[in-house]
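Engineer: This structure is in structure tokens; I'll ask about it shortly.
Values quoted throughout were computed directly from the atomic coordinates according to the rules given, and no laboratory measurement underlies them. All figures in this text were calculated on a predicted structure; none of them were measured in a lab. Cβ placement follows ideal geometry from the backbone for every residue including glycine, while neighbour counts extend to all protein chains displayed.
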Amino acid sequence: MSAPEESRQARPQALDGWTPWPAEMADLYRRAGYWRGETLGRLLRERAARHPDRIALVSGDRRLSYGELDRRADRLAAGLLHLGLRPGDRVVVQLPNIAEFFEVCFALFRLGALPVLALPAHRRAEIAYFCEHTEAVAYVIADRDGGFDYRALASQIRRDVGTLRHVLVAGEPGEHTALSSLDREPVELPEPAAGDVAFFQLSGGSTGVPKLIPRTHDDYLYSVRASAEICGLDEGSVYLAVLPVAHNFTLSSPGSLGVLHAGGRVVLCRRPSPDEALPWIERERVTMTALVPPLASVWLEAARAARHDLSSLKVLQVGGARLPAEVARRVGPALGCKVQQVFGMAEGLVNYTRLDDPDAIALETQGRPISPHDEVRVVDDDDRDVEPGQVGHLLTRGPYTIRGYYRADAHNEKAFTRDGFYRTGDLVRRTREGYLVVEGRAKDQINRGGEKIAAEEVENHVLAHPAVRDAALVAMPDAHLGERSCAFLVARGQPPPAREINAFLRERGVAQFKVPDRIEWLDALPTTSVGKVDKKALRRWIADRLAQGARA
Ligand code: OOB
């Protein structure tokens with residue numbers, strides 16, 4: 001293999017704007033054997049060397065072996081290098097559940113360029129922000145998905161973001177560059193350092209702009225390896241990726257990477273509906289999958305019809321939002337498999353109920369942390385530990401929980417304690433056995449069936465409408481999604497119809513799931529004694545209103 005001049009450069013400068021672990025903690029995590037100096041790119045290399053012909057990915061009618069995925073990642077990395085991408089460059093990746101997601105990510109890992117993992121639901125407002133904030137040089141999309149043409153979105157983004165030089169398309173490229181054209185003889189590339197940032201996850205957030213989460217090879221691989229072990233994955237495991245592959249749950253808990261680590265097979269499902277997913281389970285003999293609670297309910301309903309052989313399924317993971325115990329209880333009888341609750345966050349900490357836990361734990365708690373070195377504190381409003389068993393704010397730090405968001409110094413001051421604990425914004429109770437029960441939330445966020453909406457972000461968009469003087473977004477209870485969003489607005493003059501506000505938000509390029517489900521006009525927003533908007537009162541008002549409606 002000949003290494004051209006361009007690949008023989010020194011490793012890039014350490015990334016600016018991220019917070020590494022303190023040296024003594026990093027040492028501890030290395031000594032404990034958690035951080036092994038392995039990179040994501042090498043993980044695939046080793047698995048491919050061990051069993052090149054085994055199937056790694058099933059995507060539509062494509063079946064890629066480990067060897068093929070490995071080769072494609074090398075060839076694509078060479079193509080990206082030739083195009084001008086360099087180690088340390090940021091690349092926004094927005095792909096649906098297709099094999100190209102893995103080809104691109106592994107190619108970028110090999111190159112040492114950093115994927116920023118956007119979700120398919122994101123639109124202009126979010127994507128432009130990710131590109132600008134990270135100074136991304138490339139944006140990777142599919143041509144179309146779910147009736148949406150990403151190429152048109154990319155053309156706009158390209159015009160608006162100065163740093164963006166390339167739009168790479170899986171499928172028909174239109175005016176952009178086809179991913180399939182980036183295929184060159186592999187070149188030797190210096191391996192990135194395992195302690196360096198490998199990619200960015202997105203935070204569910206509670207602030208005006210979304211936050212980016214830098215994850216290193218070392219920390220992420222530890223969570224993947226340990227998760228795979230907790231979930232008993234092996235080479236016989238067949239994982240159906242139903243939720244977006246880029247999400248931390250689907251990617252690493254243990255998700256696709258956990259299964260690739262174990263030498264199993266990942267089956268990519270384009271739509272989460274039972275119509276599409278259940279036939280895959282039968283066809284590929286799927287052993288495990290992961291859903292958010294509303295989808296789990298839909299699947300349980302669909303499984304009653306029982307037209308498909310689901311006997312291969314051993315574990316159904318449910319997470320992203322609180323799973324009601326009544327729903328958890330129905331999983332075993334309806335699907336003939338175990339339910340595993342997963343309470344995690346893209347910032348790091350992931351809790352699992354264990355597969356041999358008794359029902360009282362498996363159905364009623366959200367699990368316990370992966371690692372003996374996950375430090376968990378449950379505190380009151382003044383950061384003092386609450387009595388055992390009492391509800392409080394969950395703080396955590398550990399071998400795979402970040403110490404700071406990317407380029408967000410001011411926010412990091414609030415989101416982390418001085419000694420590096422991440423303030424999750426979740427209200428939890430810890431049981432005697434060390435399991436966590438999620439009792440609520442202190443962060444200003446709506447959890448819409450697992451999709452997170454930062455209230456302030458949406459309020460800012462709504463406030464840009466000339467007819468809106470004041471805005472507060474709150475959660476309202478919903479039988480199916482758990483929560484939906486309700487915007488309380490104060491008008492300047494005559495309130496416009498709700499559909500005008502919603503159209504305005506879409507026009508601004510806000511992802512559809514963030515558009516308020518309901519709008520209520522008020523003369524003024526209620527305030528607390530210290531003059532802050534009283535969101536508690538608003539939540540109570542709308543919940544009462546809905547309950548009355550249900551009774552009527
Ligand atoms: C997962 O990650 P994110 O980053 O989309 O959202 C994290 C937040 C948590 O802080 C919590 O508020 C909520 O989502 N959450 C749950 C939950 N799982 C997540 N709330 C109640 N019960 C649960 N089981 O959502 C995520 C990441 C990795 C694995 C699983 C979920």
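Engineer: Find how much the distance from ALA467 to ASP143 grows on full extension, using 0.36 nm per residue of separation minus their present alpha carbon separation; answer in nm with one decimal.
Structural biologist: 113.0 nm
Engineer: Where does the chain land at 222 nm, in deg cm²/dmol rounded to the nearest 500, when only DSSP H runs of n ≥ 4 count, each adding -39500 (n - 2.57), divided by all residues?
Structural biologist: When only DSSP H runs of four or more count, the value is -10000 deg cm²/dmol.
Engineer: Please work out how much length the chain gains when fully extended from VAL490 to GLU135, using 0.36 nm per residue of separation minus the C-alpha to C-alpha distance, in nm with one decimal.
Structural biologist: Gain on extension, VAL490 to GLU135, equals 124.2 nm.
Engineer: Another one. Return, ordered by residue number, the residues of the stretch 221-263 whose backbone nitrogen is under 14 Å from a label point located 7 Å along Cα→Cβ of ARG36.
Structural biologist: 221-230, 258-263
Engineer: The stretch 196-242: Rg/Rh from Cα coordinates, Kirkwood Rh?
Structural biologist: Over the Cα atoms of the stretch 196-242, Rg/Rh equals 1.11.
Engineer: How would you rank 25-38, 141-154, highest first, on the average number of other Cβ atoms within 10 Å across their residues?
Structural biologist: 141-154, 25-38
Engineer: Rounded to the nearest 0.05, what FRET efficiency do ARG540 and LEU15 give with R0 = 45 Å and r taken as the Cβ-Cβ distance? Could you check?
Structural biologist: 0.50
Engineer: Per Stokes-Einstein, at 4 °C and 1.567 mPa s, what whole-number D in µm² s⁻¹ belongs to the stretch 18-113, with the Kirkwood radius over Cα pairs as the hydrodynamic radius?
Structural biologist: Roughly 86 µm²/s, to the nearest whole number.
Engineer: Between GLU46 and GLU387, take the C-beta separation as r, use R0 = 60 Å, and let me know the FRET efficiency to the nearest 0.05.
Structural biologist: The pair GLU46/GLU387 has a calculated efficiency of 0.80.
Engineer: For the ranges 83-90, 283-290, what's the packing order if you count other beta-carbon atoms within 10 Å of each residue, average per peptide, and put the highest first?
Structural biologist: 283-290, 83-90
Engineer: Suppose every Lys and Arg Cβ carries +1 and every Asp and Glu Cβ carries -1, with no other charges. What dipole size does the stretch 1-147 come out with about its Cα centre, to the nearest 20 debye?
Structural biologist: Once rounded to the nearest 20, the dipole reads 440 debye.
Engineer: Semi-axes, largest first, in whole Å: what does sqrt of 5 times each Cα gyration tensor eigenvalue give for the stretch 409-502?
Structural biologist: Here the semi-axes work out to 32, 19, 9 Å.
Engineer: Average the reciprocal distances over every distinct pair of alpha-carbons in the chain, invert the result, and give the Kirkwood radius in Å.
Structural biologist: The Cα-based Kirkwood calculation yields 24.3 Å.
Engineer: Compute the distance in nm between two label points, each set 7 Å from the Cα along the Cα-to-Cβ direction, one at ALA547 and one at ASP517.
Structural biologist: Result: 1.7 nm between the two label points.
Engineer: Now a separate question. log10 I(q)/I(0), Debye, Cα-only the stretch 264-315, no solvent, q = 0.16, 0.17, 0.26 Å⁻¹?
Structural biologist: -0.41, -0.47, -1.17
Engineer: Can you give the charge dipole size of the stretch 106-209 about its Cα centre, rounded to the nearest 20 debye, using +1 on the beta carbon of Lys and Arg and -1 on the beta carbon of Asp and Glu?
Structural biologist: 280
Engineer: To continue, here is another question. Given R₀ = 45 Å, what would the calculated FRET efficiency be for ARG330 paired with GLU175, taking r from the Cβ atoms and rounding to 0.05?
Structural biologist: E(calc), rounded to 0.05, equals 0.35.
Engineer: A further question on this structure: Just to be sure I understand: of the beta bridges DSSP finds with both ends in the chain, what percent are antiparallel, rounded to 5?
Structural biologist: Here the share of antiparallel DSSP bridges comes out near 55 percent.
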